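A single structure is presented below for examination.
The values are calculated or read from the model by the stated rules, or taken from the named source; none is laboratory data. The structure presented is a predicted model; accordingly, all values stated were derived computationally and were not measured. So basically every Cβ, Gly included, is an ideal-geometry build from the backbone, and we count neighbours across all protein chains shown.
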Ligand code: SAJ
């Protein structure tokens, strides 16, 4: 059995390495030559717990090989990005282009599995593309059992920072375009997944993925709204949530500077687009979470005013840039949004601290910001703004620091958060 994974990013690469670690031959396909060459040297181009060790092992043993050329295979697993366009519509062009590549080498009895997040109906659209590109193959539809190939939607649901473990242990939803596709895909996932593999149809699987991330977004929005209400009523939101969560059926999440990453801040829009009149709560949650970086900037401005300070004479340490704790991923990061917005206040100096990166990305102007370590940033600044709850920051409580304004958006130094 030959497996090919298309797209060797945050999901595709760990998936390829995990499957290869079960002594199954995996071919990784990516259009980026540098990524392919680095993988073939056993070096991951992304940072993820235990990935480098596993990758080195499977590449050395010859179970994983990356290429920029797509060869024949039994299973094609698509894990390419599906961003949103400026107008918030889903952009599935990378998926479509991967499917067109597959069509050039597709054979009878092959299976095409989509793992990328897609809007409802996209698996069916993929089937139509295959059908028009390969008139020689009978492509199954969601009602028909007859078909020369199999097509399924099996969304990834792993948490960045814990991907390898969750790939193996999480339950999977397997939605075939027909029953045969579901059965074949189920057998494939059972070869490396220890969690339950749950059978359904492609459309339910598509919505299921979007619902999971929208559920989390709505719950974070609730926590963020509570932080705004509490601030208005002069109540400590962290203490409030701690107390409320003692109720056996209440489990409020953590407020913060907003929702980042490539999933939770994006996927709800796929539902909003498909059902705009019905998805009211989902849309409002997006709006609440998207306004949080602005609220943080307002808080900084208020703190300056209350303390009779002006930004031009003040130095600020911004702690954390990644979209969440203990990762190096800056995609859609609310911390980056806050930092960029604070730029216009013209601070005398802005120190940035991000223990997981060595260099600031080009979109963070080096003339305006300086990347330094925690100790140096804090000692040189009169305002300390905590944006990400990295373990390093948790270890260094700032509660006792005299004469500094501390704004803790993640509540890790608790009581002094206002
Ligand atoms: N966040 C809060 N408060 C919280 C929890 C999270 O502000 O209480 C923020 C984080 O700081 C971050 C954002 O939300 O900016 C998202 O972080 P996350 O840890 O909730 O989720 P992701 O984006 O890393 O991964 C999610 C996961 N989905 C769910 O938990 C439902 C993961 O399982 C999915 O596989 C992943 O999206 C994906 O790829 O879709």
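Every residue in the stretch 293-313 that is touching a residue at least 60 places away in the same chain (Cβ under 8 Å), away from the ligand (no atom under 16 Å from the Cβ) and closer than 26 Å to residue 395 by Cα, please.
Once the filter is applied, which keeps residues that are touching a residue at least 60 places away in the same chain (Cβ under 8 Å), away from the ligand (no atom under 16 Å from the Cβ) and closer than 26 Å to residue 395 by Cα, the stretch 293-313 yields 300, 303.
Kindly provide the set of residues from the stretch 217-236 that are crowded, with 17+ Cβ neighbours inside 10 Å and within 12 Å of the ligand (Cβ to nearest atom), ordered by number.
Residues satisfying the conditions are 217, 218, 220, 221, 223, 224, 226, 227.
If you don't mind, there's one more thing I want to ask. Which of the residues belonging to the stretch 23-37 are without any contact (Cβ under 8 Å) to a residue 24 or more places away in the chain and either crowded, with 18+ Cβ neighbours inside 10 Å or not assigned by TED's automatic domain parsing to the domain that holds residue 75 (or both)?
Those that are without any contact (Cβ under 8 Å) to a residue 24 or more places away in the chain and either crowded, with 18+ Cβ neighbours inside 10 Å or not assigned by TED's automatic domain parsing to the domain that holds residue 75 (or both): none in the stretch 23-37.
A follow-up question, please. Among the residues of the stretch 237-246, which ones are within 14 Å of the ligand (Cβ to nearest atom) and surrounded by 14 or more Cβ atoms within 10 Å (Cβ to Cβ)?
Residues satisfying the conditions are 237, 238, 241.
Could you check the stretch 365-388 and list, in sequence order, the residues that are closer than 14 Å to residue 336 by Cα and more than 16 Å from the ligand (Cβ to nearest atom)?
Listed by number, the residues that qualify are 365, 366, 368, 369, 370, 371.
I would also like to ask the following. Within the stretch 164-174, how many residues are in a loop (DSSP other than H, G, I, E, B) and either under 20 Å from residue 74 (Cβ atoms) or away from the ligand (no atom under 13 Å from the Cβ) (or both)?
The qualifying residues number 0.
Pick out the one residue from 161, 144, 195 that is surrounded by fewer than 21 Cβ atoms within 10 Å (Cβ to Cβ), assigned to a loop (DSSP other than H, G, I, E, B), modelled with pLDDT under 95 and within 23 Å of the chain's Cα centre (by Cα).
After applying the criteria, what remains is 161.
So which residues in the stretch 201-214 are under 13 Å from residue 120 (Cβ atoms) and surrounded by fewer than 22 Cβ atoms within 10 Å (Cβ to Cβ), if there are any at all?
Passing the criteria: 201, 203, 204, 207, 208, 211.
Return the only residue of 214, 131 being more than 28 Å from the chain's Cα centre (by Cα) and either more than 28 Å from residue 54 (Cβ to Cβ) or in a helix (DSSP H, G or I) (or both).
Just one listed residue meets the conditions, 131.
Can you find a residue in the stretch 97-119 that is within 16 Å of the ligand (Cβ to nearest atom), surrounded by 15 or more Cβ atoms within 10 Å (Cβ to Cβ), free of Cβ contacts under 8 Å to residues at least 60 places away in the same chain and part of a strand (DSSP E or B)?
yes
Quick one: in the stretch 85-96, of everything that is assigned to a helix (DSSP H, G or I) and without any contact (Cβ under 8 Å) to a residue 40 or more places away in the chain, which residue is farthest from residue 173 (Cα to Cα)?
93
Does the stretch 253-270 contain any residue that is in contact with a helix residue (DSSP H, G or I) (Cβ under 6 Å, 6 or more places away or on another chain), assigned to a helix (DSSP H, G or I) and more than 30 Å from residue 150 (Cα to Cα)?
Checked the stretch 253-270: no residue is in contact with a helix residue (DSSP H, G or I) (Cβ under 6 Å, 6 or more places away or on another chain), assigned to a helix (DSSP H, G or I) and more than 30 Å from residue 150 (Cα to Cα).
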